[in-house]
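> Pasting in a structure now, in structure tokens, and then I'll have a few things to ask.
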Amino acid sequence: MSLLGQMKLQAQQAQEEKSNQSKLSADSLALRNAKLKEVFNYWREFSELIRVIEPEFAHVISLPSIGDLSGLRVTEPFAEYRYRLLSNETFSDEISHVSLFYFYKAPQVFKFERELGIAQRIKDVLWRYGIVHTAEDVKNEHARVAAVSFNIPWQVKGSILVTVLSDAEALHFSLKNIAKLGEMELEMPFEQVDATFLDELSKLLLGQDNFFWKLAKF
């Protein structure tokens with residue numbers, strides 16, 4: 001057998017061994033499903049309580065180049081989970097992800113005009129963080145656009161998305177606008193996504209004292 005032929009055979013064997021090692025066992029898949037349902041059940045109850053309490057968010061959220069949002073409340077939480085889609089209308093019995101959505105809200109609204117250069121920077125900030133707003137062009141006496149008029153309700157939408165890692169005993173967390181503007185990714189082994197972890201993550205969301213960052217793994 002030629003050298004390349006030998007190397008191809010070795011590569012194939014290495015790939016097969018790696019694949020066999022990485023595939024999750026049936027027990028691990030069952031554990032993953034159970035863990036995702038545990039996360040969903042926690043957030044479902046959390047959401048029901050938040051809708052009743054609408055707790056205050058004690059911190060300020062700053063919109064760069066716009067202003068500070070204070071006196072916010074945590075409102076409109078919604079938890080859901082989805083099964084993995086096998087085909088157009090067929091789902092497996094494996095959960096693909098769990099989501100939690102929520103808002104930080106207050107009744108105030110930012111209303112102002114900015115000249116074009118500054119207005120574009122403000123638009124970039126609003127789109128980057130998913131801030132709902134309206135922006136209307138303001139024309140001068142020559143019918144040319146000279147500025148932009150903004151209307152920005154004090155509301156920041158946040159989310160936590162938990163997805164599976166196909167061949168690992170871990171879950172992937174995508175955090176968006178949780179306690180502050182921005183996105184963050186982390187992965188957690190199944191056994192470490194427990195009630196304590198979910199409590200500390202939820203405290204972070206609510207703006208309460210927590211030690212979530214000591215638990216998180218990046």
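> Once you have the Cα-Cα distance between GLU54 and GLU141, take 0.36 nm times their residue separation minus that, and quote the gain in nm to one decimal.
Roughly 26.6 nm would be gained on extension.
> Here's another thing I want to ask about it. Which lysines does LYS8 reach when only Cα atoms under 16 Å apart count, and residues fewer than 8 places away in its own chain are ignored?
LYS18
> Follow-up question, since we're still on this one. I'd like the distance between the alpha-carbon centres of the stretch 56-85 and the stretch 175-218, rounded to an integer number of Å.
After rounding, the separation between the Cα centres reads 15 Å.
> Here is a follow-up. Please find, in a Gaussian network model of the chain (springs between Cα atoms separated by less than 10 Å), the residue of PRO77, PRO107, PRO55 whose mean-square fluctuation is greatest.
PRO107
> Please work out the average accessible area per residue across the chain, using the 1.4 Å probe convention, and give it in Å².
60 Å²
> Can you give me the relative contact order of the chain as a percent, contacts being Cα pairs under 8 Å and 6 or more apart?
Contact order relative to length: 17 percent.
> State which stretch of the chain is the longest one without any exposed GluC sites (Glu not before Pro), exposure meaning a DSSP loop state and at most 16 other Cβ atoms within 10 Å.
1-88
> On the protein heavy atoms, probe 1.4 angstrom, tell me the percent of accessible surface of the chain carried by carbon and sulfur.
Carbon and sulfur: 51 percent of the exposed surface of the chain.
> Now, a different point. Just tell me which lysines come within less than 17 Å, Cα to Cα, of LYS180; anything on the same chain fewer than 8 places away is out.
LYS180 reaches LYS105, LYS157, LYS203.
> Any chance you could look up the accessible area of HIS59 with a 1.4 Å probe, heavy atoms only, rounded to 10 Å²?
Solvent-accessible area, nearest 10 Å²: 90 Å².
> What does the extension gain come out to for LYS8 and ALA30, with contour length at 0.36 nm per residue minus their alpha carbon separation?
Contour length minus Cα-Cα distance gives 4.3 nm.
> Which is farthest toward the positive dipole end of the chain among VAL98, LEU186, TRP43, measuring Cα position about the Cα centre, with Cβ charges +1 (Lys, Arg) and -1 (Asp, Glu)?
LEU186
The values are calculated or read from the model by the stated rules, or taken from the named source; none is laboratory data. Just so you know, these numbers come straight off a predicted model, no measurement behind them. Virtual Cβ from ideal backbone geometry, glycine too; neighbours counted across all protein chains shown. Surface areas here come from the heavy atoms of the whole protein model, side chains and all, with no ligands, DNA or RNA. Shrake-Rupley method; radii C 1.70, N 1.55, O 1.52, S 1.80 Å.
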